[in-house]
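Participant: Sharing a structure, written as structure tokens. Questions coming.
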Amino acid sequence: MTTGREAHASPRVVLVTGSSRGIGAALARRFGADGYRVAVHYSTSANAAGEVLAGLRAAGADADAFGADISDPGACQELVKAVTERFGSLDVLVNNAGITRDTLVLRMKDDDWRSVIDTNLSAAFYLSRAALRGMLKSGTGRIINISSVVALMGNAGQANYIASKAGLIGLSKALASEYAGKGVTVNAVAPGFIESDMTEALTPELRQRYLDRIPAGRFGTADDVAAVVAFLASIEAGYVNGQTLAVDGGMVMP
């Protein structure tokens, strides 16, 4: 059962950070197909973002692209402002953008640590803070943070990445506790091994080794992740709050 507030204020404008490729692009396409007005975000991949945007518009979606360095707090504020001015509101924020700088801790440079934390975690805080103002004013909203199963299980050589993704889970719980009473839910999604350029580059032996760890017997797809995110953004998920949903074929079970 949805609240009266949600029943009359369905989230319709979504900002997906890092949506020029991969999971982010799949999220943008899913939201477009579901009737959302879509803000496609990119940092440096303007051409790739343009291709995603062209596909959305060709499919009939109301969409636009926005470039921003989200590791900068001021740029995050301006991004939310630009999206809101373009579409009239911002109802769903998906903090998907992320980078990696993998290496063992003793070899990790300060900039390797700082850049990953700034882009993957701090940006989600800055964007959420900016987006919450409008969501609280309208009385409804969804924030969905894309974490990773490595945040739940650990992995050598990814201390910065794992810290950022685990931080997103903690951030989600904190925001969920603060704003659920105001009609805003906050959740995290933790993808497992997802088909990508990286998995395509694996040797057959290494690919099989990873597959043996997944009860479902296959890698996931970006569309698998998009389906879960689309649910969390929907009115039907109004009572799901502060949760981390692993999309990993059963690789990590509590």
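The values are calculated or read from the model by the stated rules, or taken from the named source; none is laboratory data. The structure displayed is predicted, hence computed values, not measured ones. Backbone-built Cβ (ideal geometry, glycine too); neighbour counts: all protein chains shown.
Participant: Go through the residues of region 178-188 one by one and say whether even a single one is outside any loop (DSSP other than H, G, I, E, B), acidic (D, E) and at pLDDT below 95.
Facilitator: Looking only at region 178-188, we keep the residues that are outside any loop (DSSP other than H, G, I, E, B), and these are 178-182, 184-188.
When the remaining residues are screened for being acidic (D, E), the result is 178.
From the residues that got through so far, the ones that are at pLDDT below 95 too are none.
No - not one qualifying residue is present in region 178-188.
Participant: Does region 120-128 include one or more residues that are within 14 Å of L175 (Cβ to Cβ) and aromatic (F, W, Y)?
Facilitator: Within region 120-128, one or more residues are within 14 Å of L175 (Cβ to Cβ) and aromatic (F, W, Y).
Participant: In addition: Do you know which residues across region 33-48 are more than 16 Å from the chain's Cα centre (by Cα) and small (G, A, S)?
Facilitator: Answer for region 33-48, where residues must be more than 16 Å from the chain's Cα centre (by Cα) and small (G, A, S): A33, G35, S45, A46, A48.
Participant: Now for a separate question. In region 75-119, what residues are small (G, A, S) and within 21 Å of L168 (Cα to Cα)? Show your work before the answer.
Facilitator: Here is the first cut: in region 75-119, the ones small (G, A, S) are 75, 82, 88-89, 97-98, 115.
Residues satisfying the conditions are A75, A97, G98, S115.
Participant: Filtering region 63-101 down to residues that are among the acidic types (D, E) and within 20 Å of the chain's Cα centre (by Cα), which residue is nearest to A39 (Cα to Cα)? Explain how you work it out, then say what you get.
Facilitator: The initial filter retains those residues of region 63-101 that are among the acidic types (D, E), namely 64, 69, 72, 78, 85, 91.
With the extra rule that they be within 20 Å of the chain's Cα centre (by Cα), the set shrinks to 64, 69, 72, 78, 91.
On the way: D64: 5, D69: 15, D72: 19, E78: 13, D91: 11 Å.
Looking at residues that are among the acidic types (D, E) and within 20 Å of the chain's Cα centre (by Cα), I get D64.
Participant: Then there's this: Would region 111-124 turn up any residue that is touching a strand residue (DSSP E or B) at 6+ places or on another chain (Cβ under 6 Å) and either within 26 Å of T44 (Cβ to Cβ) or crowded, with 16+ Cβ neighbours inside 10 Å (or both)?
Facilitator: Going through region 111-124, the residues touching a strand residue (DSSP E or B) at 6+ places or on another chain (Cβ under 6 Å) turn out to be 124.
Cutting the leftovers down to either within 26 Å of T44 (Cβ to Cβ) or crowded, with 16+ Cβ neighbours inside 10 Å (or both) gives us 124.
For region 111-124, residues touching a strand residue (DSSP E or B) at 6+ places or on another chain (Cβ under 6 Å) and either within 26 Å of T44 (Cβ to Cβ) or crowded, with 16+ Cβ neighbours inside 10 Å (or both): present.
Participant: Restricting attention to region 21-74, which residues are buried (at least 20 other Cβ atoms within 10 Å of the Cβ) and aromatic (F, W, Y)?
Facilitator: Within region 21-74, F31, Y36, Y42 qualify.
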